[in-house]
Amino acid sequence: MTHCYECGAKLIPKELEGEGIIPYCPSCETFRFPIFSTAMSTTLLSPDRKKALLIQQYGRGRNVLVAGYVNKGENAEHAVVREIMEEVGLKVTHMVFVKSTYFAPSNTLMLHFLTVVEDEDLSHITKEVDKAQWFSLEDAQKAVITPSLAERFIKTAIGKLERGEIIPLPVDTENLWPAENK
Ligand SMILES: [Zn+2]
């Protein structure tokens, strides 16, 4: 970001106490923190937690994770539950945050969650998805597109789960705080 997104003036580097050098708009007299998108992706497990779901989209014929952008005003947990319902028509029962990574090509902070869904029924796949398939936890890590952020995420999530470093917690769907500040 080289210019102010409000007034178009050229930004200058300026010291902000406790934050370091931040782009500053001399015209608006305001610091302009860099803007980026936030998205979520998920390693999605069957109720018995022995299988993981991979999907194919947009005619590409490659296995990826359920993922999507977090809407403005929405929290990440709500986006996870919403995207899973929108793409594969499954209801989340358990969830835990795994890891985040900034992905430069799309200027996006990716938040990765491990989720468990209510059943294995794939009859409610939506138009956004060409195909969805359950794999054993071992096979899913090999079947996902490689090399990719998705591959790193699913390996990290299953590794942490198997080592007992993360525990999926029950999701209170009544209390997900959707978009309060729209
Ligand atoms: Zn400005």
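Numbers at a glance
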| read-out | value |
| --- | --- |
| Mean-position separation - Cα centroids, segment 1-29 and segment 102-148, in angstrom | 38 |
| Among Ile84, Ile154, Ile21: highest mean-square fluctuation, GNM of the chain, C-alpha pairs under 10 Å | Ile21 |
| Net charge of neighbours whose Cβ lies under 14 Å from the Cβ of Tyr24, counting Lys and Arg as +1 and Asp and Glu as -1 | -2 |
| Theoretical gain in end-to-end length, Thr30 to Tyr58 [0.36 nm per residue, Cα-Cα removed] | 5.9 nm |
| Computed lengthening from Trp134 to Arg49, 0.36 nm per intervening residue step minus Cα-Cα distance | 29.5 nm |
| Helix-only CD estimate at 222 nm, as mean residue ellipticity for the chain, using -39500 (n - 2.57) per DSSP H run (n ≥ 4) | -5500 deg cm²/dmol |
| Over 19 Å [Cα-Cα, segment 37-173], rounded percent | 45 |
| Hydrodynamic radius by Kirkwood, which averages 1/r over all alpha carbon pairs of segment 1-79, in angstrom | 16.4 |
| Most mobile of Thr38, Thr30, Thr108 in a GNM of the chain (Cα contacts under 10 Å) | Thr30 |
| Cα long-axis angle, helix 149-162 against the chain (0 to 90 degrees, to the nearest 10) | 60 |
| Potential lengthening between Thr38 and Ser148 on full extension [0.36 nm per residue; Cα-Cα distance subtracted] | 37.8 nm |
| Exposure proxy order (Cβ contacts within 10 Å, fewest to most) of Met85, Met40, Met1 | Met1, Met85, Met40 |
| Highest-MSF residue in the chain out of Thr115, Thr101, Thr43 [GNM, Cα springs under 10 Å] | Thr101 |
| Relative packing of peptides 90-97, 124-131 - highest average C-beta neighbours within 10 Å first | 90-97, 124-131 |
| Tail weight of P(r) past 16 Å, computed on alpha-carbon pairs of segment 90-153, percent | 63 |
| Sequence-distant residues sharing a close amide H with Lys99 (under 5 Å, placed H) | His112 |
| For segment 47-52, 3J(HN,Hα) per residue [Karplus equation, 6.51 cos²θ - 1.76 cosθ + 1.60, θ = phi - 60°, Hz, x = Gly/Pro] | x, 7, 6, 9, 10, 10 |
| Acute angle (nearest 10 degrees) that the helix 76-88 long axis makes with the longest principal axis of the chain, alpha-carbon atoms | 50 |
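Read-outs: derived from the displayed coordinates by stated rules, not from any lab. Just so you know, these numbers come straight off a predicted model, no measurement behind them. Please note: Cβ atoms are built from the backbone with ideal geometry, for glycine as well, and neighbour counts cover all protein chains shown.
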